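What follows is calculated from the coordinates using simple rules that are stated; it is not laboratory data. Computed from a predicted model, the values in this text were never measured in an experiment. No Cβ is skipped: glycine too gets one built from the backbone with ideal geometry, and neighbour counts run over all protein chains shown.
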Number of protein chains: 2
Amino acid sequence: MRIALLGGTGDVGEGLALRWAYHSDHEVVIGSRDPEKARTKAEEYETELSSRGVDRKINGFENEMAADRARVVVLAVPAYHATDTVAAVADSLSEGDVLVTPATGMKRDENGFHYNRPGAGSVTRLVADAAPDGVSAVGAFHNLAAGRLANLDADLGIDTLLVADDDDAKETVRLLAEDIDGLRPLDAGGVANAPEIESLTPLLINVAMNNDGLHNLGVRFD
Amino acid sequence: MRIALLGGTGDVGEGLALRWAYHSDHEVVIGSRDPEKARTKAEEYETELSSRGVDRKINGFENEMAADRARVVVLAVPAYHATDTVAAVADSLSEGDVLVTPATGMKRDENGFHYNRPGAGSVTRLVADAAPDGVSAVGAFHNLAAGRLANLDADLGIDTLLVADDDDAKETVRLLAEDIDGLRPLDAGGVANAPEIESLTPLLINVAMNNDGLHNLGVRFD
């Protein structure tokens, strides 16, 4: 399956790209608003994988071209660019494609980080509303420990929570999550349940900030 | 130390009462609006502990009397009773006492449970605002797996998150959490960071509802 990682030059994009290329046979394509940056990072990922004996072709393109012919498009961009990015690639999407959003809105004050809930209810809802007809939105990969995710030597042993109103789209993403060693996908219901998932990201940062020795935190439900 | 568990006849109150009485030397007092109910449940807890070879006196009283001379008062009541309960016991509280709130506001729709954030920002903030002068509020014990907590045969292996603006009060509660085997307290900062903690409770319920074999969920940060 072709997976496009838009904003694939950032932390979460890098981690997902490396993990899928390393642990699975999916074709990974890196997207960025700047195609040159996408190509440069894609080559870095190839070099990282090659150093581990895994020779994989990873292409980098401008977002719209990266999304073309991808079955799953991950919006690994800041929350405030999520809907812009959907609009920018809408013509590249076909019926049955799946948009995946790991973004969360946050604001910071002197106490720490806080969930900045969009008026629509959640970033996942914003993406679902912006998706072209026939394209489904899945909220996933929010609470990954980005530094650990991008370090192929690190064991994950963490969960990721999935929300979607389209069960087939959710199942597609669940299988992709299972392809990553040490990542356990859990179903958290429909898009209406996204705010509580998106709220977990600032909480993880607050916990990391206030406890010595805890950083790059993920979460495990047990 | 004397710990009063107001609403100590409910699930979380029962679990905390049994665990502290079983794992520590703290004096546990059960409070309820109905003193007869408090006495009946206190006797049940004594019987449960006695069956495990632990003979402890647990008293049950009406909330105001339960709070009297307690250093730590846990508001194990529904969120909509949290401030009423503080008002009801205010005359029993002394400077330096600590109010602990594990409550969260939730609403349910056809998708699952959602955080029902109070206008003040969080239940913890409501309790902090309602506390008499010299009495501090600590948010803690929100995301315990209530059924496991009350089953002394069950290993916990989960975390609880603490928020407070008064570091001494937070440290008092951190030590009480550490007294419970298998429960790891983590500092999540000030009261302003409470909403993201309180949001975790409906998320745990949604995850339990949507995944076979997961129930009585707690959370572990790793």
Computed label-point distance, nm, for sites residue B:175 and residue B:116 using a 7 Å Cα→Cβ extension: 3.7
Round to a whole angstrom and tell me the spacing of the C-alpha centers of region A:159-173 and region A:78-95. 19
Expressed in nanometres to one decimal, the distance between label points 7 Å along Cα→Cβ at residue B:84 and residue B:109 is 2.7
Report the label-to-label distance for residue A:11 and residue A:40 in nanometres (one decimal), using points 7 Å from each Cα along the Cα→Cβ vector. 2.0
Between residue B:153 and residue B:51, 0.36 nm times their residue separation minus their Cα-Cα distance comes to what? 35.5 nm
Normalising by the residue count of chain B, find the relative contact order in percent from Cα pairs under 8 Å and 6+ residues apart. 18
Using a Gaussian network model of chain A whose springs link C-alpha atoms within less than 10 Å, name the residue from A:97, A:187, A:68 with the highest mean-square fluctuation. A:187
Links that overshoot a 28 Å alpha carbon limit, given the list B:37/B:57; A:37/A:57; A:37/A:170: A:37/A:170
Calculated [θ] (222 nm, deg cm²/dmol) that DSSP helices of n ≥ 4 give over the protein assembly as shown, each run adding -39,500 (n - 2.57): -10500 deg cm²/dmol
Taking the Cα centre of the protein assembly as shown as origin, work out the dipole magnitude from +1 charges on Lys and Arg Cβ and -1 charges on Asp and Glu Cβ, in debye rounded to 20. 40
Suppose R0 equals 22 Å. What FRET efficiency, 1/(1 + (r/R0)^6) with r the Cβ-Cβ distance, do residue A:184 and residue A:209 give to the nearest 0.05? 0.30
